[in-house]
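Since every read-out is calculated from the coordinates, none of them should be taken as a lab result. Just so it is clear, the model here is predicted, and its values are computed rather than measured. Glycine gets a Cβ as well: all are built from the backbone with ideal geometry, and neighbour counts include every protein chain shown.
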Amino acid sequence: MSTLPPLVELHLHLEGTLEPEFIMRAARKNGIDLPWASVEDLRSRYEFSDLQSFLDLYYANVSVLREREDFSQMVYEYLRRAQAGGVRHAEVSLDLQVHTSRGVPLEVAFGGVRDALDVAEERYGITTRLIISFLRDRPPAEAADLLRRLIVTGARFDGIGLDSAEADYPPALFTEVYEIARQHGLRRTAHAGEEGPAEYVRQALDLLHVERIDHGNRSLEDDALVQRLVRERVPLAVCPLSNVRLRVVDVIEEHPLVRMLEHGMQVSVHSDDPAYFGGYVDENLVAVRDALAITPAQEETLLRNAVDAAFVDADRRAELH
Ligand code: ES4
Ligand code: ZN
């Protein structure tokens with residue numbers, strides 16, 4: 001009998017791992033006034049009607065990150081939780097623009113994250129990749145400037161992503177940013193088809209030349225696109241608990257994960273913003289196993305798909321398999 005591959009996290013926003021306890025503690029340490037009375041009060045706000053209602057809270061809470069140590073502490077706490085959940089490889093995204101645009105120096109935000117990732121393998125047994133995500137609801141020229149600055153300063157990161165409010169911000173706006181990334185050998189992913197239409201998934205493939213899609217749920221509305229995703233084996237990094245909490249699906253029992261598997265789409269299960277959506281990657285897998293009656297063979301496919309979609313070389317892929 002073959003053993004199951006280990007857990008691989010491919011869709012995780014580092015700022016989405018800030019637990020209420022961390023946020024309140026960092027606010028006190030840095031002398032930042034937050035409108036929440038307590039950890040319990042903050043946690044009671046974790047009720048969302050859509051993507052924007054979540055993003056409003058997520059962007060408010062990152063204001064507690066001020067010093068290099070705050071950024072590294074965020075990553076250490078994530079790595080500790082990931083290790084406890086059995087994660088062996090994690091590709092994490094950082095919304096760097098959020099921090100630079102509020103006056104945090106690039107070296108502080110990027111450097112703090114880098115400090116922690118540099119010891120991840122030795123301390124936690126987790127190999128990592130760093131993805132810098134650009135915000136689609138901010139100017140593409142700002143993203144291009146930041147990307148060029150990262151490249152000229154020799155910042156060590158592995159790929160780029162595209163996230164934040166999706167509706168009305170088509171991937172086409174970021175064609176130049178992705179072209180710069182491609183010319184510099186950076187890996188490419190983008191959120192598409194979470195709240196935006198199937199057309200945005202097509203644009204991400206055709207204009208941004210992404211190697212995988214974050215979410216991609218709304219691809220199912222377009223049969224020809226589904227056939228293409230299957231034919232081209234495009235990985236989709238799906239986040240079931242996120243989809244429930246942001247009302248992309250009504251209830252977990254109606255999540256289209258099994259339908260996606262049955263179509264032959266290269267789906268895998270991840271966590272998105274685990275502190276906000278009620279579960280890390282292990283808990284997302286348990287949730288779908290229970291609610292969707294995932295078979296052992298389907299679970300193995302989900303785990304193998306994640307290993308296959310990882311931005312790693314053949315040796316590491318073989319180890320993870
Ligand atoms: C995000 Cl769930 C989600 N969607 C789009 N952008 C994001 N940034 C953080 N979480
Ligand atoms: Zn996401």
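A few notes on this one:
- The Cβ shell under 10 Å around Leu225 holds other residues with a net charge of -1, Lys and Arg each +1, Asp and Glu each -1.
- For a modelled paramagnetic label at Leu57, 7 Å from Cα along Cα-to-Cβ, the residues of segment 230-268 in reach, with backbone nitrogen under 19 Å, are 239-252.
- In this simple spin-label model, placing a label point 7 Å from the Cα along the Cα-to-Cβ direction at both Ser49 and Arg231 gives a separation of 4.2 nm.
- Proxy reagent accessibility, fewest Cβ within 10 Å first, across His255, His270: His255, His270
- Once the C-beta distance of Val286 and Glu262 is scaled by a Förster radius of 22 Å, the resulting FRET efficiency is 0.55 to the nearest 0.05.
- Stretching Thr153 away from Asp168 to a fully extended chain increases their span by 2.1 nm, per 0.36 nm per residue minus the current alpha-carbon distance.
- The chain - Rg over Rh from alpha carbon coordinates, Kirkwood radius: 0.94
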